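This report refers to the structure that appears directly beneath it.
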Amino acid sequence: MTDLRERINRDWATALGFAAFGLLLRLWNLGSPKGFIFDEVYYAKNAHSLLLHGVEIDPKTHTAEFIVHPPVGKWLISIGIKLFGYHEFGWRFSGAIIGSLSILLMYLTARKLFGNSFLSAAAAAVITVDGLHLVMSRTALLDIFLAFFIQCAVLAILFNRYWLASIALGLAVGTKWSGLYFIVAFAIFVLILDYNRKRHLGAEEPVFDVVRGDLPKRFLQFFLIPVFLYVASWVGWIVTKTGWDRNWSHNVWRNLWHYHAEILNFHAHLVEKHPYSANPWSWLILGRPTSFFYTSPKNCGSASCAQEVIALGTPILWWSATLALLVTFGYWISHRDRISGLLLTAVGAGYLPWFAFQKRTMFSFYTIAFEPFLLMTLIYVLAKFLNSARDENQLRARKNIAIGIGLVFLINFLYFLPLYLGTPIAHNSWQDRMWFGSWI
């Protein structure tokens with residue numbers, strides 16, 4: 001019992017240590033760059049309006065705004081604004097906290113998946129040195145909150161706490177509609193687990209008959225509860241009469257349905273050209289990262305300087321993770337094990353649906369929703385590599401190799417760190433970091 005308590009304490013100390021380091025990076029000079037960067041111009045303003053009015057009101061015209069994303073993420077952004085004020089640090093604070101907690105969840109998820117402290121620390125380390133995760137945690141966008149709730153749902157599923165998973169999934173879809181893909185994917189995954197469990201116990205009936213007893217409960221967990229939470233997230237719009245088309249008819253529920261029909265129409269016809277739009281085929285290889293901010297500051301210690309915030313994953317880390325994803329898929333094809341199945345389900349739910357919308361305006365930073373699980377495939381492959389060691393000496397040598405690769409990731413992360421933190425650097429140094437023309 002004492003050994004178990006010591007191990008748990010070590011696990012929490014390690015996990016919290018990574019999260020604390022991540023928080024330091026996220027809070028460091030968080031108020032820079034000044035002003036709204038990229039879509040903060042929408043979400044930070046919307047969050048402030050929710051604080052003031054309960055709904056999104058245009059601060060210039062004082063009229064209701066048509067908003068195409070649900071309120072949960074904006075309510076979370078508003079917490080930082082409430083605590084610190086309506087300025088850069090305030091509207092970015094909540095994302096920094098959630099991003100740091102995401103690192104903690106990465107450790108805990110790996111601990112549950114692999115039961116190994118070294119692998120858990122490796123999982124926390126790789127997400128800590130990922131540039132995309134850092135940038136999304138330092139920007140008042142919705143996607144880091146979506147990723148966090150998906151992580152919560154996966155961890156709950158691993159502990160068979162499906163009711164908690166349903167709450168997390170409801171909050172996910174209440175942040176962005178793309179959370180729906182995860183609800184469907186995880187519902188199917190859990191039903192397959194139900195089926196395999198009962199077949200293991202000797203059930204011989206057809207598939208539907210085997211899982212029929214679980215269907216009502218799973219329907220409640222993966223449909224009704226998320227729907228209830230989603231509708232509840234619109235409480236500000238429901239209880240006030242100042243939201244967009246709130247008075248379209250005399251029936252509030254009909255008005256809400258009408259609003260959602262208009263949102264769906266917006267997303268279905270979002271085909272405007274954008275200089276940083278990126279096709280999903282290029283996302284994993286970092287073909288076209290999104291530049292959130294760029295300027296050429298004066299008096300920066302060089303004749304010509306550049307200051308940029310770019311949503312770019314740490315390149316060597318991401319390319320390695322993409323290879324690990326392919327290897328994980330191969331393991332799943334040959335073994336159908338639960339861990340690879342769960343990781344592929346999470347990555348697939350966040351990635352594959354976007355291929356169905358080839359004409360839609362899309363950005364590579366959407367990958368943040370499944371990025372923790374993409375990186376976790378690296379840990380999955382590392383686990384296979386370590387577990388196949390013949391003896392302790394070979395295991396030690398393989399751990400050293402893993403640590404060496406981790407140091408390469410860290411060096412690559414530090415090299416690009418000025419572009420993640422928005423630190424002014426000499427233009428030549430910035431140009432050196434533009435490894436491909438499509439990054440400019």
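Tabulated data
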read-out: Label-point separation, residue 41 to residue 240 (7 Å along Cα→Cβ), nm; value: 2.3 nm
read-out: Calculated FRET value between residue 160 and residue 62, using beta carbons and R₀ = 51 Å, to 0.05; value: 0.55
read-out: Listed residues 222, 287, 305: farthest to the positive end of the dipole of the range 200-354 (Cβ charges); value: 305
read-out: The range 1-109 - charge dipole about Cα centre, Lys and Arg +1 at Cβ, Asp and Glu -1, debye rounded to 20; value: 200 debye
read-out: Estimated dipole of the chain in Debye, rounded to 20 [Cβ of Lys and Arg +1, of Asp and Glu -1, Cα centre]; value: 340 debye
read-out: Computed FRET value (nearest 0.05) for residue 227 with residue 8, which takes r as the C-beta separation and R₀ as 45 Å; value: 0.80
read-out: For the chain, calculated [θ]222 nm from helices alone, where every DSSP H run of n ≥ 4 adds -39500 (n - 2.57); value: -20500 deg cm²/dmol
read-out: In order through the range 323-337: 3J(HN,Hα) via Karplus (6.51 cos²θ - 1.76 cosθ + 1.60), integer Hz, x for Gly, Pro; value: 5, 5, 4, 5, 5, 4, 4, x, 4, 5, 4, 8, 10, 6, 7
read-out: Gaussian network model of the chain, springs between alpha carbon atoms under 10 Å - residue of 39, 214, 11 with greatest fluctuation; value: 214
read-out: Long-range amide H partners of residue 276 with built H, under 5 Å; value: none
read-out: For the chain, cysteines whose Cβ has no other cysteine Cβ within reach (under 4.7 Å); value: 152
read-out: Centroid-to-centroid separation of the range 369-439 and the range 133-160 [C-alpha atoms, Å]; value: 20 Å
read-out: Overall dimensions of the range 258-301 by Cα: Rg and Dmax, Å; value: 17.0, 55
read-out: DSSP loop GluC sites (Glu not before Pro) with at most 14 other Cβ within 10 Å: longest gap in the chain; value: 1-203
read-out: The chain: relative contact order in percent, alpha carbon pairs under 8 Å with at least 6 residues between; value: 18 percent
read-out: Correct option for volume of the Cα convex hull per residue in Å³ [calculated from the coordinates] among (i) 179; (ii) 118; (iii) 203; value: (i)
read-out: Which of 31, 235, 166, positive extreme of dipole for the chain (C-beta unit charges); value: 166
read-out: Inter-centroid distance (Cα atoms) of the range 1-55 relative to the range 304-319, Å; value: 20 Å
read-out: Which listed pairs, of 34/359; 176/359; 60/241; 60/82; 60/273, have C-alpha distances above 24 Å, in listed order; value: 34/359; 60/273
read-out: From phi via Karplus (6.51, -1.76, 1.60), per-residue ³J(HN,Hα) for the range 86-91 in Hz, x at Gly/Pro; value: 8, 8, 4, 4, x, 7
read-out: Phi to ³J(HN,Hα) by Karplus 6.51 cos²θ - 1.76 cosθ + 1.60 over the range 360-374, Hz, x for Gly, Pro; value: 6, 6, 9, 10, 5, 6, 4, 5, 4, 4, 10, 4, x, 7, 4
read-out: Sequence-distant residues sharing a close amide H with residue 290 (under 5 Å, placed H); value: 311, 364, 365
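Since every read-out is calculated from the coordinates, none of them should be taken as a lab result. These numbers come from a predicted model, not from an experiment. FYI the Cβ positions are ideal-geometry reconstructions off the backbone, even for glycines, and counts take in every protein chain you see.
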